[in-house]
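A.B. asks: What follows is a single structure, and I will ask about it in a moment.
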Amino acid sequence: MKNLKSYLLLADDNLQRFKDQNDDFTERVIKNETSSDWLDEGSHLNNIEWLFVNSIFVTMYASFEHFLMKVASTLESQPNIHIKLNHISGRGILEQYTNYLSLVGRLVSASREHAPWGRLAHYQNIRNLLAHNGGVMQDNEEKALDKHKDFKFLQQEQVSMAGSVGLIRIRNKKILESFLKDTSLLTNNIIKEFNEKYPAL
């Protein structure tokens, strides 16, 4: 899970670069020193930040899923474990892994009933919206966006939700830092408990 810190550093470095580019562009617009395609340049600079950070978030989430898959696969290879990973279901792959670790491996730390697994449900919803729905929170423009199950969470994490459909636009690293903090706690607890229960590894 060390790569999550690397992704966060990557976000940090590039967010500063994007800010510098925006500042430079704004200064050129004020001085009327832009080229004829300044609208295209402005659009590019306005979108690159959230496109990049949204991608970093999805990548961090995928790394966490990969960690859980590796632990579940290691558990599956234990001599006294007879139930296979594909025998366990869940609403999505993340839940399948956590169900396998908690039910078959008896890892309390993998049980989604314990904190901070509750926050992981929000991260999972956000990842799914970004990966499968273009970051659109709701298809019905007439629904109140503030009633969406992830609205308050996203608001607390300072994530922009544009328009009446709630286009998710991550423009800073706060949610990335929160995700790193929450998943680091979970992975450390899972590894510690796994090593206590299966000391041969």
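A.B. asks: Quick one: if the Förster radius is 22 Å, what FRET efficiency do Leu167 and Ala144 give, using the C-beta to C-beta distance and rounding to 0.05?
C.D. replies: Calculated value: 0.90.
A.B. asks: Beyond a 29 Å Cα-Cα separation, which of these cross-linked pairs lie in this structure: Lys152/Lys197; Lys19/Lys181; Lys5/Lys152?
C.D. replies: Correct reply: Lys152/Lys197.
A.B. asks: Once you place label points 7 Å from the Cα toward the Cβ at Gln16 and Thr34, how far apart are they in nm?
C.D. replies: Between Gln16 and Thr34, the label points sit 2.7 nm apart.
A.B. asks: As I understand it, the dipole of the chain uses +1 on the Cβ of Lys and Arg and -1 on the Cβ of Asp and Glu, about the Cα centre. Which of Ala144, Thr183, Gly166 lies farthest toward its positive end?
C.D. replies: Thr183
A.B. asks: Let me ask something additional. Would you work out the relative contact order for the chain, in percent, from Cα pairs under 8 angstrom that are 6 or more residues apart?
C.D. replies: That works out to 22 percent.
A.B. asks: Tell me the volume per residue, in Å³, of the convex hull enclosing the alpha carbons of the stretch 74-120.
C.D. replies: Spelled out: Cα convex hull of the stretch 74-120, divided by residues, is 72 Å³.
A.B. asks: For helix 2-30, report the angle its Cα long axis makes with the longest principal axis of the Cα atoms of the chain; keep it between 0 and 90° and round to the nearest 10°.
C.D. replies: In the chain, helix 2-30 runs at an angle near 10 degrees to the longest axis.
A.B. asks: What does the convex hull of the Cα atoms come to per residue for the stretch 157-201, in Å³?
C.D. replies: Details: hull volume 4.0 nm³, N = 45.
Taking only Cα atoms, the stretch 157-201 has a hull volume of 89 Å³ per residue.
A.B. asks: What percentages, rounded to whole numbers, describe P(r) for the stretch 55-201 computed over all alpha carbon pairs with 10 Å bin width beginning at zero?
C.D. replies: Going out from 0 Å in 10 Å bins, the stretch 55-201 shows 11, 39, 29, 16, 5, 1 percent.
A.B. asks: What size of dipole, in debye to the nearest 20, comes out for the stretch 109-184 about its Cα centre when the only charges are +1 on Lys and Arg C-beta atoms and -1 on Asp and Glu C-beta atoms?
C.D. replies: Dipole magnitude for the stretch 109-184 comes out near 240 debye.
Read the figures in this text as sums done on the coordinates, not as results from a lab. Keep in mind it's a predicted model, so treat the numbers as computed, not measured. A quick note on method: Cβ atoms are made from the backbone with ideal geometry, for glycine too, and the neighbour counts reach across all protein chains shown.
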